[in-house]
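Right, one structure below, let's go through it.
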Amino acid sequence: MRALALAAVAAAAVLAGCGGDDAPATTAAGTSPAPVVAPGVSRAATDVVRRWADTLRRGDVTAAARFFAVPSLVANGGPPRRLRTKAAILRFNRSLPCGARLLRTDRARHGFVIATFVLTERPGPGTCGAGPDATARTAFRVRDGLIVDWLRVQDLPAAETTPA
């Protein structure tokens, strides 16, 4: 229980350390360009996150689940949960109704990488609802090529300007 509380505190700290620019536009062919990788972000971690998202977007939930370590910690709008089995990790990935295309990664505190995605439909049961073309942000911690923490974070709106 202490670890879950620590994860919740870490997620809050991650949010405090986040910032970012506008995401790159989609190309004419409908595919996104290579993700923007902010200074100080591990390219290896970015690659794991991108490959996981690409795999899930194609609808290969079983292969997407293989990007997670056992155990791993996840939080998708609720309290953090420790996934202690491959079956639990598969169920978690199956529960994500949308696919996602990685737009950018930003460095955050405590070894987290904040990934900004544009949501898409994906093959499989259910639909993404109002999600397609919206953005979503998730804090990832990657170790030894596997996702150990997947924590949904608030998607910050673009900064509004005030007339002078």
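When the stretch 77-103 is filtered for residues that are at pLDDT below 95 and in contact with a Ser or Thr (Cβ under 8 Å, 6 or more places away or on another chain), only Pro97 remains. For the stretch 65-95, filtered to residues that are among the polar types (S, T, N, Q) and in contact (Cβ under 8 Å) with a residue 40 or more places away in the chain, the residue that is most open to solvent (accessible area, probe 1.4 Å) is Asn76.
Restricted to the stretch 20-64, and to residues there that are modelled with pLDDT of 85 or more and acidic (Asp, Glu), the residue that is most open to solvent (accessible area, probe 1.4 Å) is Asp60. Within the stretch 96-111, being in a helix (DSSP H, G or I) and either aliphatic (A, V, I, L, M) or touching a residue at least 60 places away in the same chain (Cβ under 8 Å) (or both) holds for Arg109, His110.
The values are calculated or read from the model by the stated rules, or taken from the named source; none is laboratory data. Quick caveat, the model's predicted, so the values are computed rather than measured. Quick reminder, even Gly has a Cβ in these numbers, built from the backbone with ideal geometry, and neighbours come from all protein chains shown. Protein only, heavy atoms only, side chains kept; ligands, DNA and RNA dropped before computing areas. Shrake-Rupley method; radii C 1.70, N 1.55, O 1.52, S 1.80 Å.
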